[in-house]
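Note sheet for the following structure.
Values quoted throughout were computed directly from the atomic coordinates according to the rules given, and no laboratory measurement underlies them. Computed from a predicted structure; not experimentally measured. Positions of Cβ are generated from backbone atoms using ideal geometry, with glycine treated the same way; all protein chains shown enter the neighbour counts.
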Amino acid sequence: MNSPSLLSSLNPSTEPDALDSIERAEIDASTRIPVLLFFASAIFWLLVGSSLGLVSAWKMTNPALLDSFSWLTFGRLRPAHLNAVIYGWATPAAIGVGLWLTARLCRIPLLHSKLLISAAIIWNLGILLGICGILIGDGRSIEWLEFPAYSTPILFIAYAFIGIWTIIMFRFRKPGHIYVSQWYLFAAFLWFPWLYATANILLVWQPVQGPAQGAINWWYAHNVLGLWFTPIGLAAAYYFIPKVIGRPIHSYYLSILGFWSLALFYSWNGMHHLIGGPFPAWMVSASVVASMMMFIPVITTAINHHMTMRGHFESLQWSPTLRFIVFGAVSYTVVSLQGSSMAIPALNTITHFTDYTIGHAHLGLYAFFTMILFGSMYYIVPRLVGWEWPSATLIRWHFWLSAVGILLMVGALTLGGLLQGLALYDVASTFRSSLEFANPFRVLRGISGFILLAGQLVFAFLFVQMLLKLGAPKKGPALFTKPAEQTNDTVAI
Amino acid sequence: MTAGAILLILGFFFLGGSALFAIYWAAKTGQFSNVSEGAATIFDEDEPVGTPTDRFPAKKSQ
């Protein structure tokens with residue numbers, strides 16, 4: 001098939017239905033290089049970001065740790081951790097999953113892979129420059145936007161390529177129904193550049209004054225979760241759960257309702273981070289109300305995924321993809337309901353400025369989003385390299401290390417944060433005592449960091465083996481032929 | 001009113017309008033009708049409904 005040039009794709013007069021009909025395997029193959037490039041760089045930054053986070057975590061209990069190097073001080077390591085995992089790991093991995101899903105759902109081969117390969121390279125240069133910039137002390141004190149001003153335009157250019165590509169793919173898609181995942185993907189791919197550009201213009205290039213900075217900062221930070229990571233995660237869940245078990249989504253109507261209500265309510269939520277701050281009461285109240293309205297998309301999604309899985313829960317034993325994705329989907333429900341509850345001022349008074357919030361953030365980004373990304377990669381990578389995952393045992397190790405690690409981390413931070421918050425709230429108690437309450441839980445959090453990092457190393461090892469096609473050839477999902485070929489070892493958990 | 005504020009307000013109308021247009025377009029092109037067919041679009045003759053498509057790799061090479 002001849003792929004059109006970029007200029008002809010951008011030309012409004014090009015006929016959109018000029019592409020031939022094509023097999024699913026060919027569509028998968030067409031996404032190979034850009035998707036693998038995004039995945040490989042994402043996994044690299046995941047290991048870097050987690051190591052940075054691990055050192056930051058241990059500095060909370062041992063402040064003198066590695067303090068002789070200025071670039072390893074907490075004030076630089078912690079933002080470097082956050083930015084490495086958000087922009088280095090979660091975003092490129094989400095882009096990789098999004099590219100693959102978009103090509104499949106548009107039912108056409110991936111167009112303009114050179115545009116995407118350039119985007120991947122430019123994006124990673126921007127990340128490298130940004131992380132080094134933070135470590136040498138050029139970071140900005142705007143949470144979630146710590147990258148120095150010289151790296152953000154590079155990231156924006158890379159992202160603009162992907163935004164343009166999304167529109168081209170949508171335009172040239174095969175006629176027919178737009179599956180719900182595609183709504184989520186298309187919206188997310190266009191929302192993110194809008195968010196990123198708006199926040200950078202209003203906070204960096206032409207900074208607004210005073211408290212308005214805080215409002216824009218949290219509008220941005222919350223929307224990265226709600227309008228970028230969440231839709232990509234849900235797009236993957238809405239595709240992989242029905243696809244893996246071979247059963248259409250329980251209520252397609254509910255899934256559409258979930259999408260539009262998420263689009264309507266989520267962008268209002270950011271101000272609930274500023275309860276008690278110097279803002280007009282209506283701004284914060286509107287955000288608290290919108291946070292409550294989030295129950296609609298969250299409950300519809302939860303019911304839908306649960307009803308689709310009902311009667312198929314034994315499939316968690318045999319499908320690595322489903323195991324990770326269902327863990328992520330359940331965590332999505334939990335983290336969203338927790339987030340709404342944290343917007344209630346009475347609870348927020350206790351949890352604000354404590355480890356409880358850190359626990360919530362990791363529940364969202366790791367237990368929900370990262371687990372969905374791992375699950376998606378287990379499905380996608382074999383279909384790109386034409387090779388089977390080399391070891392079921394290692395996949396199980398990866399799953400259990402991730403699951404136990406993140407549950408320990410979130411549990412420790414949640415409980416420690418509550419005790420810390422209650423101690424902070426108690427006028428009879430000193431500030432020091434609130435830290436003493438939190439300390440043992442912070443040690444547990446540090447231990448959980450080692451467990452998570454171990455899981456990631458297992459996954460990175462598997463991924464490298466896949467890229468190099470190491471190990472004996474096997475039959476399985478990639479070259480999957482008949483579902484009846486279940487062997488004894490698949491029963492083991 | 002500054003030029004920035006005018007741009008901002010125009011931006012609101014543009015973004016809000018594009019969301020309304022998206023809903024209008026989706027309704028007009030039938031995206032909200034035939035929802036049961038919509039749910040089945042990810043299946044085809046190769047991978048029909050009822051066929052699981054993922055499994056742990058087998059322990060021994062075959």
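A compact table of results
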item: Most to least packed among A:98-106, A:131-139, B:19-27 [average Cβ atoms within 10 Å]; result: A:98-106, A:131-139, B:19-27
item: Prolate/oblate/rounded call for region A:377-451, Cα gyration tensor, a/c under 1.5 rounded; result: prolate
item: Options A:Pro345, A:Leu384, A:Pro297, ranked by Cα towards positive dipole end of the protein assembly as shown, top entry (Cβ charges); result: A:Leu384
item: Exposure proxy order (Cβ contacts within 10 Å, fewest to most) of A:Trp58, A:Trp205, A:Trp183; result: A:Trp205, A:Trp58, A:Trp183
item: Inter-chain Cβ neighbour average for residues A:242-252, partner chain, 10 Å; result: 6
item: Cα shape, region A:24-478, gyration tensor, a/c 1.5 rule; result: rounded
item: In order through region B:26-38: 3J(HN,Hα) via Karplus (6.51 cos²θ - 1.76 cosθ + 1.60), integer Hz, x for Gly, Pro; result: 4, 5, 5, 8, x, 5, 9, 9, 6, 5, 5, 5, x
item: Note, ³J(HN,Hα) from phi for region A:437-444, Karplus 6.51, -1.76, 1.60, rounded to Hz, x at Gly and Pro; result: 4, 6, 4, x, 6, 6, 5, 4
item: Local electrostatic count, A:Ala120, Cβ distance below 15 Å [Lys/Arg +1, Asp/Glu -1]; result: +2
item: Degrees between helix A:74-83 axis and first principal axis of chain A (Cα, 0 to 90, nearest 10); result: 30
item: Whole-angstrom gap from region A:37-71 to region A:232-276, using each part's C-alpha centre; result: 31
item: When each of A:Lys243/B:Lys28; A:Lys114/A:Lys243; A:Lys114/A:Lys469; A:Lys59/A:Lys469 is checked by Cα-Cα distance, pairs over 32 Å; result: A:Lys59/A:Lys469
item: Computed magnitude of the charge dipole of the protein assembly as shown (debye, nearest 20; Cβ of K, R +1, Cβ of D, E -1); result: 540
item: Among A:Tyr239, A:Phe368, A:Ala412 - extreme Cα towards positive end, dipole of the protein assembly as shown, charges at beta-carbon; result: A:Ala412
item: Region A:397-403 - phi-based ³J(HN,Hα) in whole Hz, Karplus 6.51/-1.76/1.60, Gly and Pro as x; result: 4, 4, 4, 6, 4, 5, 5
item: Shielding score for B:27-38, defined as the mean number of other chain Cβ atoms within 10 Å; result: 4
item: Least to most buried among A:Ile127, A:Ile164 (fewest other Cβ within 10 Å first); result: A:Ile164, A:Ile127
item: Positive-end residue, region A:24-478 charge dipole about Cα centroid, Cβ charges, pick of A:Ala428, A:Tyr87, A:Leu322; result: A:Leu322
item: C-alpha long axis of helix A:32-61 to longest principal axis of chain A, angle in °; result: 20
